[in-house]
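Before any comments, here is the structure.
The values are calculated or read from the model by the stated rules, or taken from the named source; none is laboratory data. As the structure is a prediction and not an experimental result, all values here were calculated from the model. Quick reminder, even Gly has a Cβ in these numbers, built from the backbone with ideal geometry, and neighbours come from all protein chains shown. What goes into the accessible areas is simple: the full protein's heavy atoms, side chains included, and nothing from ligands, DNA or RNA. Shrake-Rupley method; radii C 1.70, N 1.55, O 1.52, S 1.80 Å.
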Amino acid sequence: MNEQAYQDQMDDDAQFEAEQEALKDDVYDKLANCYAIVREMITDELTSDVSPTDWVKISEIGQAMQDLTYYLDIEEWENALIEINNYV
């Protein structure tokens with residue numbers, strides 16, 4: 001690999017890392033709001049006097065939160081952001 005190709009690769013790697021760090025920051029900025037919203041959604045569902053509890057909805061929320069945790073664990077920021085944006 002010549003010097004220019006090496007430098008181009010290093011620049012590309014640095015840009016990728018910067019983009020990933022920006023995504024990570026965005027995920028963690030939205031994460032606090034996400035948990036509060038999910039908590040409110042579940043509380044509303046469980047305490048609603050208007051209709052019976054929709055356990056399927058609660059199950060889907062739980063699955064989405066498990067998916068979010070998985071994406072956070074493997075540092076897959078784009079998918080974590082998608083899961084968060086479903087609730088925020």
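Taking first residues from region 55-79 that are closer than 18 Å to Ala36 by Cβ and partners that are modelled with pLDDT of 90 or more and open to solvent by 30 Å² or more (accessible area, probe 1.4 Å), the Cβ contacts under 9 Å between residues at least 6 apart in sequence or on separate chains come to Leu68/Asn79. A single member of Ala36, Ala80, Ala64 is of a type in the set (Gly, Ala, Ser) and modelled with pLDDT of 85 or more, and it is Ala80.
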